[in-house]
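Working notes for the structure below.
The values are calculated or read from the model by the stated rules, or taken from the named source; none is laboratory data. Just so it is clear, the model here is predicted, and its values are computed rather than measured. Note: ideal-geometry Cβ built from the backbone for every residue, glycine included; neighbour counts use all protein chains shown.
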Amino acid sequence: MKTREIPSAGPWITAKEVRYVQDAVAHGWYQNWSGYLDRFEAAFAKWIGVRFALSTSSCTGALHIAARALDLKPGDEVIAPEATWIATVTSFCHLGARPVFVDVDPETWCLDPRAFERAITPRTKAVIPVDLYGTPSDKDAILRIAAEHGLAVIEDAAPGIGSRYHGRLCGSFGLAGVFSFQGAKPLATGEGGMLVTNDENFYDRCYYYWDHCRDKSEVLYNTDLGFKYKMSNVQAALGLAQLERVDEIIAKRRQIFFWYRERLGGIPGLRMNVEPEGCFCNYYVPTIILEGSFPLAARTLGQRLDAAGIRNRPFFRPLSKLPMFAPVTTPVADRLAETGLNLPCATLLTEDDVDYVSRFVRRELTGQS
Ligand SMILES: Cc1ncc(COP(=O)(O)O)c(C=O)c1O
């Protein structure tokens, strides 16, 4: 029997995006080479509510220049949640810093502020909270603790684009915030990222490392070893069109989550993403946690969905348990990795698609559709 293919992730592209990209390809050269880059960065900074935005070739690149701009030295420590994508810490590790992984909150799945505070040592230089699967991390507590200890906060808002904490957009709270426009994210440029900050000095330092440490007065005079993490004008055209549609894109992502919650939220022993008090979530990745006793584990459910053409992803593995790190005790993150499953979340999913996936999940878990 032919299976129905349900994509795990993917963007929502309209005629507007095609028009902007066509224009960039046809005319975005010579004196216009940076037209869309300038507009994208200015519009992004205005939307987030910060002074500076620097477009990058990926969020990983944005994290690398942020880490470099912090002047991290080998042996310095950065605190990060155990449950996230490895890109959160890779760049810091490449500079010789040591990632110190701490457990996450069982409800929000984001950095647990108490665990963060306990992990601080004299070598700690920064903390990198992550808005996991679109739920804002506890900004107030994290900023307060970081300020008390003189630590830099670099917000990994790759999954938190469009989510709000007490009205303010994620990514605007720390010394810097970083975003991803990789194809699975709500706003996509294929690959791409953005670094935002209100700190002019930090922006200047990031800018310097972003394009081979050029001297301001002479374009081919490099005064240190930097990186090349620039975005292209064509990608920026796509990004600008997506940004101009951000409200409808985020509203659709929320709608997809609500369709799932209506159908699966009532299953005893199953829980899903929460929207903490005072927060607005993009619900970027609808996730189920199988806490009750079910006839199959989350991973097996994922495999069965996949065999039926319903693409899905496991919950993030606990990072410290990967072979290159030393394991730390993080019972919450370990349990989430065992019991969690990310359901398909492509922006173009229809209610009928979500219904189809939900009926499959319900049947596997409860025997009833
Ligand atoms: C939490 C988190 N941080 C960073 C990244 C890196 O983003 P990029 O792929 O644009 O480098 C991702 C990508 O999925 C992510 O999920």
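Going by the structure shown, is A67 within 16 Å of the ligand (Cβ to nearest atom) and either under 29 Å from E248 (Cα atoms) or crowded, with 19+ Cβ neighbours inside 10 Å (or both)? When the stated conditions are applied, A67 passes them. Taken together, the residues in segment 311-344 that are of a type in the set (A, V, I, L, M) and either assigned to a helix (DSSP H, G or I) or not assigned by TED's automatic domain parsing to the domain that holds P286 (or both) amount to 5.
Does segment 133-153 contain at least one residue that is in contact with a Leu (Cβ under 7 Å, 6 or more places away or on another chain), under 28 Å from P74 (Cα atoms) and among the basic types (K, R)?
Step one: filter segment 133-153 for residues in contact with a Leu (Cβ under 7 Å, 6 or more places away or on another chain), giving 137, 142, 152-153.
Of the ones still in play, those that are also under 28 Å from P74 (Cα atoms) are 137, 142, 152-153.
Applying the additional criterion that residues be among the basic types (K, R) yields none.
The answer is no, given that none of the residues of segment 133-153 is in contact with a Leu (Cβ under 7 Å, 6 or more places away or on another chain), under 28 Å from P74 (Cα atoms) and among the basic types (K, R).
Evaluating A42 against the criteria (1) away from the ligand (no atom under 16 Å from the Cβ); (2) in a loop (DSSP other than H, G, I, E, B) leaves one unmet condition, (2).
Among the conditions (1) in contact with a Pro (Cβ under 8 Å, 6 or more places away or on another chain); (2) in a loop (DSSP other than H, G, I, E, B); (3) within 13 Å of the ligand (Cβ to nearest atom), E155 misses just one, which is (2).
Considering each of A119, A97 in turn, give the residue that is buried (at least 22 other Cβ atoms within 10 Å of the Cβ) and small (G, A, S).
Values: A119 fails: buried (at least 22 other Cβ atoms within 10 Å of the Cβ).
One residue alone meets the criteria, A97.
Considering R4, R19, R51, the condition of being surrounded by fewer than 16 Cβ atoms within 10 Å (Cβ to Cβ), at pLDDT below 95 and not assigned by TED's automatic domain parsing to the domain that holds D353 is satisfied by R4 alone. Does S163 satisfy being in the same structural domain as Y229 (by TED's automatic domain parsing), within 16 Å of the ligand (Cβ to nearest atom), of a type in the set (S, T, Y) and without any contact (Cβ under 8 Å) to a residue 40 or more places away in the chain? Judged against the criteria, S163 is not a match.
Can you tell me which residues in segment 80-134 are among the hydroxyl-bearing types (S, T, Y) and outside any loop (DSSP other than H, G, I, E, B)? Show your work before the answer.
Keep residues of segment 80-134 that are among the hydroxyl-bearing types (S, T, Y), which gives 84, 88, 90-91, 108, 121, 124, 133.
T88, T90, S91, T124, Y133, listed by residue number.
Looking across segment 338-364, the residues that are buried (at least 20 other Cβ atoms within 10 Å of the Cβ) and among the aliphatic types (A, V, I, L, M) come down to L341, L343, L349, V354, V357, V361.
Inside segment 175-203, residues that are within 16 Å of the ligand (Cβ to nearest atom) and out of contact with any helix residue (DSSP H, G or I) (no Cβ under 9 Å at 6 or more places or on another chain) make up a count of 2. If you go through segment 269-310 and keep only what is closer than 18 Å to E364 by Cα and part of a strand (DSSP E or B), you end up with L270, R271, M272, T287, I288, I289, L290, I310. Inside segment 277-303, residues that are touching a residue at least 60 places away in the same chain (Cβ under 8 Å) and surrounded by fewer than 16 Cβ atoms within 10 Å (Cβ to Cβ) make up a count of 3. Quick check, is E5 of a type outside the set (S, T, Y) and more than 26 Å from F227 (Cα to Cα)? Criteria met by E5.
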